[in-house]
Amino acid sequence: MENKLIFALITAVIAVSGCTSTSTGDTGQFELLISDQPAAIDDFDYLNVEFSHANIFMDNESNESEDVQRVSLENTSAVDLTQVRNLSAQSLINTSLASGNYSKIELYSERINASVDGEDVEVKIPPKKLMITKPFEIRPNETTSFVFDIQVVLRGNQQNNQGYILKPVISESGVAGEDIGVERKGVGDRDQRMNQTEQPQQPSNPSEQTQ
């Protein structure tokens with residue numbers, strides 16, 4: 001599985017953004033990871049996606065009504081999709097969720113900032129939300145990590161550029177370790193690598209050092 005964005009998402013009975021809680025009784029931990037499939041992502045200098053909230057749908061066998069857990073993402077850092085390629089994934093939310101079977105996840109974006117070749121570009125989510133319908137289970141006192149794979153694609157072509165859009169990739173999404181494999185990526189990984197790269201190399205011979 002290539003170019004993945006991964007968010008870790010866990011909700012409480014009352015959704016609380018960015019909080020981590022210990023599961024007890026009939027709750028378990030749910031982590032949502034974001035990953036990025038290859039397409040037009042190589043065009044971008046950066047592609048920062050800020051999310052406003054997420055909806056997680058519990059599977060209701062009676063089909064009489066939908067049990068939805070809403071998670072606020074207003075205080076969550078933006079995810080740069082250019083930094084979660086290949087098997088990389090970034091955790092967005094980690095909290096508790098009632099145990100049971102779930103069927104669908106929706107992500108709503110508040111703002112997208114992107115640049116291609118040093119120029120600002122517009123990236124849209126046509127239906128205003130990213131949605132994946134795929135079953136998963138939250139087990140009591142266990143952690144479930146769900147990978148939400150996103151792809152950015154170019155409408156038209158380079159000569160007839162009609163802008164970029166984001167869309168979910170259902171086939172590359174699912175429970176980490178069961179449906180798909182993933183490598184967790186920390187938010188500061190890129191800066192750490194850059195700092196290491198930019199450090200000047202010291203001469204191997206001490207006599208070559210400037211006095």
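Tabulated results
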| read-out | value |
| --- | --- |
| Flag for Ser91 being outside any loop (DSSP other than H, G, I, E, B), modelled with pLDDT of 80 or more and under 23 Å from Lys167 (Cα atoms) | yes |
| Residue among Val153, Val71 that alone is touching a His at 6+ places or on another chain (Cβ under 7 Å), modelled with pLDDT of 90 or more, assigned to a strand (DSSP E or B) and not polar (S, T, N, Q) | Val71 |
| In the range 98-130, residue modelled with the lowest pLDDT [restricted to those that are farther than 23 Å from Asn60 by Cα and among the small types (Gly, Ala, Ser)] | Ser109 |
| Only one of Val16, Val49 that is modelled with pLDDT under 90 and in contact with a Ser or Thr (Cβ under 7 Å, 6 or more places away or on another chain) | Val16 |
| Matching option when the condition is assigned to a strand (DSSP E or B), touching a Gly at 6+ places or on another chain (Cβ under 7 Å), of a type in the set (Lys, Arg) and surrounded by fewer than 20 Cβ atoms within 10 Å (Cβ to Cβ), among Lys134, Lys104, Lys167 | Lys134 |
| Breaking point among (1) open to solvent by 10 Å² or more (accessible area, probe 1.4 Å); (2) assigned to a strand (DSSP E or B); (3) free of Cβ contacts under 8 Å to residues at least 40 places away in the same chain, for Pro127 | (2) |
| Qualifying residues in the range 170-204 (those that are part of a strand (DSSP E or B) and open to solvent by less than 70 Å² (accessible area, probe 1.4 Å)) - the one modelled with the lowest pLDDT | Lys185 |
| Residue ID - most open to solvent (accessible area, probe 1.4 Å), chosen from residues in the range 69-101 that are more than 16 Å from Phe146 (Cβ to Cβ) and of a type in the set (A, V, I, L, M, F, W, C) | Ala78 |
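The values are calculated or read from the model by the stated rules, or taken from the named source; none is laboratory data. Quick caveat: nothing in here was measured; it's all calculated off a predicted structure. All Cβ positions, even for glycine, are placed from backbone atoms using ideal geometry, and neighbour counts span all protein chains on display. Note: accessible area is taken over every heavy atom of the protein model, side chains too, but ligands, DNA and RNA are not part of it. Shrake-Rupley method; radii C 1.70, N 1.55, O 1.52, S 1.80 Å.
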